[in-house]
Amino acid sequence: DSGVTQTPKHLITATGQRVTLRCSPRSGDLSVYWYQQSLDQGLQFLIQYYNGEERAKGNILERFSAQQFPDLHSELNLSSLELGDSALYFCASSVGASGRDEQYFGPGTRLTVT
Amino acid sequence: AQKITQTQPGMFVQEKEAVTLDCTYDTSDPSYGLFWYKQPSSGEMIFLIYQGSYDQQNATEGRYSLNFQKARKSANLVISASQLGDSAMYFCAMRGNYGQNFVFGPGTRLSVLP
């Protein structure tokens, strides 16, 4: 158990809908990262927050947005969902903002868009 | 742009033998970090090892070592004394210390044979 929690574990929704994925980092970790893993795109970094502020941005679509709250939990919002958004979404956390910091991954949220 | 190449889609190794998983990278960042992650069939992502581009020595973590050859832009993972539990997908990743973006390779599926 990495100490990172993600809810829900599974999510099934229809095209065009909006969903919110939630992540609670390990106690003491200030950084939260979001990743998408799909069969065709592989593992992709989406975005990083550090202590409430956006720190780095990867291949995140404009239909997706994220935020980190004062209690350090984070939410990833996916809107106008398409079939291609079906994927495993990971959240990870680390102590600091540096790339050197070891990241601890949550179990992931499997999103299925039908 | 940063890119990670893992040329071995699948590898087999006999239990107790050593195995090398290849990773080459491309980046224009003068300073960067290289990572290896393990993803067992259960789906979670597990951090294995980190190498900074200016680190003088190759990184080691228990049975894992990173054969870092900066001039050749390679960061191969060596697993010594393979165990059945090492069977998993292995991902090489990098992060430029300026760009902050994480880039992952396509992964190598390692199967350890009894």
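Laboratory data are not the source of any read-out in this text; all were calculated from the coordinates shown. Note that the structure is a prediction, hence the values are computed from the model and not measured. No Cβ is skipped: glycine too gets one built from the backbone with ideal geometry, and neighbour counts run over all protein chains shown.
Send over the semi-axes of segment A:45-114's equivalent ellipsoid, whole angstrom and largest first, taken as the square roots of 5 times the C-alpha gyration tensor eigenvalues. Mind showing how you got there, number by number?
On the way: eigenvalues 101, 36, 25 Å².
Gyration-tensor ellipsoid for segment A:45-114: 22, 13, 11 Å.
Provide, as a two-decimal number, the C-alpha radius of gyration of segment A:3-81 over 2.2 N^0.38 Å, N being how many residues it has. Write down the numbers at each step before the final one.
Values: Rg = 12.6 Å, N = 79, 2.2 N^0.38 = 11.6 Å.
So the Cα radius of gyration is 1.09 times the expected 2.2 N^0.38 Å.
In 5 Å bins starting at 0, how do the alpha-carbon pair distances of the protein assembly as shown split up by percent?
Computed distribution, short to long bins: 1, 7, 14, 19, 19, 17, 12, 7, 3, 1, 0.
Could you compute the net charge surrounding residue B:102? Neighbours are other residues with a C-beta less than 15 Å from the C-beta of residue B:102; K and R count +1, D and E count -1.
So the environment of residue B:102 carries a net charge of 0.
Order these by the 10 Å Cβ neighbour count, fewest first: B:94, B:11.
B:11, B:94
Taking K and R as +1 and D and E as -1, what net charge do the other residues with C-beta under 13 Å from the C-beta of residue A:7 add up to?
+2
Neighbour counts of other C-beta atoms within 10 Å: give me A:105, B:35 arranged from fewest to most.
On the way: A:105 21, B:35 25.
By the 10 Å Cβ count, ascending: A:105, B:35.
Ranked highest first by average number of other Cβ atoms within 10 Å, how do A:77-86, A:33-42 line up?
A:33-42, A:77-86
Kirkwood hydrodynamic radius, chain B, all distinct C-alpha pairs: what's the number in Å?
It works out to 14.1 Å.
Among all lysine pairs in the protein assembly as shown that are eight or more places apart or on different chains, how many have alpha carbons less than 25 angstrom apart?
Total qualifying Lys-Lys pairs in the protein assembly as shown comes to 11.
Sum up the charges of everything whose Cβ sits under 14 Å from the Cβ of residue B:64, counting Lys and Arg as +1 and Asp and Glu as -1, but leave residue B:64 out.
That works out to -1.
Could you please tell me the mean projected area of the C-alpha convex hull for segment B:1-51, averaged over all directions and given in square nanometres to one decimal?
Averaged projected area of segment B:1-51's Cα convex hull equals 4.9 nm².
Got the relative contact order for chain B handy, in percent, Cα pairs under 8 Å and 6 or more residues apart?
38 percent
Are there any trypsin sites (Lys or Arg not before Pro) in segment A:1-101 that are in a DSSP loop and have at most 15 other Cβ atoms within 10 Å? List them by number.
Filter output for segment A:1-101: A:9, A:18, A:63, A:100.
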